[in-house]
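Some notes on the structure that comes next.
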Amino acid sequence: MTRPIRIAVTGPCGQIGYSLLFRIAAGDLFGPNQPVELRMLDRNSAEQNSKLKGVMMELSDCAFPLLAEMTACPDEKTLFQDAECVFLVGARPRGPGMDRADLLTANGEIFQKQGRALDEVASRDVRVCVVGNPCNTNAYIAMKNAPSLAPHSFSALMRLDQNRAMARVAEKLNVPVKTVEQVFVWGNHSNTMYPDLRFLRTGGRRVEESAFDQEWLEQFVPNVATRGGQIIKARGASSAASAASAAIDHMRDWILGAEGKITTMAVPSDGSYGIPEGLMFGFPCMCPGEGQYQIIKDLPMTPEVKQRLVVTRDELLAEVEAVKHLLP
Ligand code: NDP
């Protein structure tokens, strides 16, 4: 039988975790022939009735044929021991009176600790996707605190933003979303992100901007960037199943390959497009498989797009400055 892949998840009892775990165990990440081992961080393991216990009871009751083993882990070192695939989802929500800088520091401390633990015990070939916000900077902190792991082992989730952009285009053009290609998102997973439509194709054919009316085009970027807020308003809770689904898309394409499709990943910059080296920035990437990705280089830039990239880059640089005490 194929050896199970060891997957570690933080925040397993949160909204996203509750969707993600079941999708992974059902085989949505590595396909129908690959068994998986789930390791989950149990922050309340000392309590008799930890919430995770209930989640694991449900996982067991699904009788997933691919779920070879699952373990509740009381600390990061146990969680990440020999982990090959890691989803860092758990993060503190913004509390009353907390500003963005407070949130950055509070969450940064979590990712500093997790980066150090990954450095010590994870598989040398691990692939890490950070979901917990502010995800780009959290991923940067984890990467910097794991100097013995390759920087390209770390990434942050921007696939949800790409998926949202693709869905808006499909709705507008009235085409199936699976035909929409070459839409991607630059920068930070925040309101400064820049979803780029310039290379859009549907059904293999280029779609010019003139296919859209001006009003829709003007609303497109803010519509994608504020979709999370729109969902909170409509659902009374933040995006969860769609975030989990995007995290699966991100990791699957990264590890197994994206079949020649452009995919958005926040990854350490290699200096392309004037983005300082190492900054965890959303780029259009190609994923050839086997856990590799390549940032697509030398795309033509207009002054407007350049300016958008400067804005989101500067926001990320300010975030990094705010957490510099958490960097080695
Ligand atoms: P929830 O509030 O439902 O769950 C948060 C989880 O984080 C809980 O499981 C909680 O654990 C855990 N947690 C809280 N504090 C800590 C800590 N100090 N150390 C480790 N884990 C901790 O949040 P969601 O599941 O809805 O969202 C999780 C994160 O994902 C958020 O930061 C959210 O902003 C982000 N997100 C990112 C998206 C993206 O595209 N990048 C999209 C949507 C959300 P416990 O149960 O033990 O308290």
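The values are calculated or read from the model by the stated rules, or taken from the named source; none is laboratory data. No experiment lies behind these values; they were computed from the predicted model shown. Glycine gets a Cβ as well: all are built from the backbone with ideal geometry, and neighbour counts include every protein chain shown.
Listed here are the residues, each with its yes/no results for (1) in contact with an Asp or Glu (Cβ under 8 Å, 6 or more places away or on another chain); (2) at pLDDT below 95; (3) over 21 Å from VAL310 (Cβ atoms).
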{"site": "SER190", "(1), (2), (3)": "yes, yes, no"}
{"site": "LEU200", "(1), (2), (3)": "yes, no, yes"}
{"site": "TRP216", "(1), (2), (3)": "no, no, yes"}
{"site": "ILE231", "(1), (2), (3)": "no, yes, yes"}
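Here GLY132, GLY115 are screened, and the one residue that is in a helix (DSSP H, G or I), touching a residue at least 12 places away in the same chain (Cβ under 8 Å) and surrounded by 24 or more Cβ atoms within 10 Å (Cβ to Cβ) is GLY115. Picking from residues in region 8-31 that are away from the ligand (no atom under 16 Å from the Cβ) and not in a helix (DSSP H, G or I), the one that is surrounded by the fewest Cβ atoms within 10 Å (Cβ to Cβ) is GLY31. Residue count for region 198-252 under the criterion of being in a loop (DSSP other than H, G, I, E, B) and within 11 Å of the ligand (Cβ to nearest atom): the result is 4.
Restricting ASN138, ASN163, ASN191, ASN107 to residues that are surrounded by fewer than 16 Cβ atoms within 10 Å (Cβ to Cβ) and within 16 Å of the ligand (Cβ to nearest atom) narrows the list to ASN191. In the condition set (1) in contact with a strand residue (DSSP E or B) (Cβ under 9 Å, 6 or more places away or on another chain); (2) more than 30 Å from GLU277 (Cα to Cα), LYS178 is compliant with all but (1). ILE110 falls short on exactly one of the conditions (1) part of a loop (DSSP other than H, G, I, E, B); (2) closer than 16 Å to THR10 by Cα; (3) not charged (D, E, K, R), and that condition is (1). ALA237 falls short on exactly one of the conditions (1) of a type in the set (A, V, I, L, M); (2) more than 26 Å from HIS325 (Cβ to Cβ); (3) at pLDDT 95 or above, and that condition is (3).
The residue that is nearest to ALA117 (Cα to Cα), among those in region 32-45 that are more than 13 Å from the ligand (Cβ to nearest atom) and buried (at least 17 other Cβ atoms within 10 Å of the Cβ), is ARG39.
For region 46-66, a residue qualifies if it is surrounded by 15 or more Cβ atoms within 10 Å (Cβ to Cβ) and of a type in the set (Ser, Thr, Tyr), and exactly one does: SER50. Looking at MET57, MET70, just one residue is farther than 21 Å from ALA139 by Cβ and out of contact with any helix residue (DSSP H, G or I) (no Cβ under 8 Å at 6 or more places or on another chain), and that residue is MET57.
Scanning region 253-289 for residues that are surrounded by fewer than 17 Cβ atoms within 10 Å (Cβ to Cβ) and in a helix (DSSP H, G or I) yields LEU256, SER272, GLY274. Answer yes if at least one residue in region 90-110 is farther than 19 Å from ALA244 by Cα, at pLDDT 95 or above, among the aliphatic types (A, V, I, L, M) and assigned by TED's automatic domain parsing to the domain that holds ALA26, and no otherwise. Yes, region 90-110 contains at least one residue that is farther than 19 Å from ALA244 by Cα, at pLDDT 95 or above, among the aliphatic types (A, V, I, L, M) and assigned by TED's automatic domain parsing to the domain that holds ALA26.
Please go through region 32-70 and give me each residue that is among the acidic types (Asp, Glu), more than 24 Å from the chain's Cα centre (by Cα) and not in a helix (DSSP H, G or I), ordered by number.
Residues satisfying the conditions are GLU47, GLU69.
Just need a number here: residues in region 312-328 that are buried (at least 16 other Cβ atoms within 10 Å of the Cβ) and aliphatic (A, V, I, L, M). Looking only at that region, the number is 5.
Residues that are without any contact (Cβ under 8 Å) to a residue 40 or more places away in the chain and either buried (at least 19 other Cβ atoms within 10 Å of the Cβ) or part of a helix (DSSP H, G or I) (or both) within region 170-182 comprise ALA170, GLU171, LEU173, VAL177, LYS178, THR179, VAL180, listed in sequence order.
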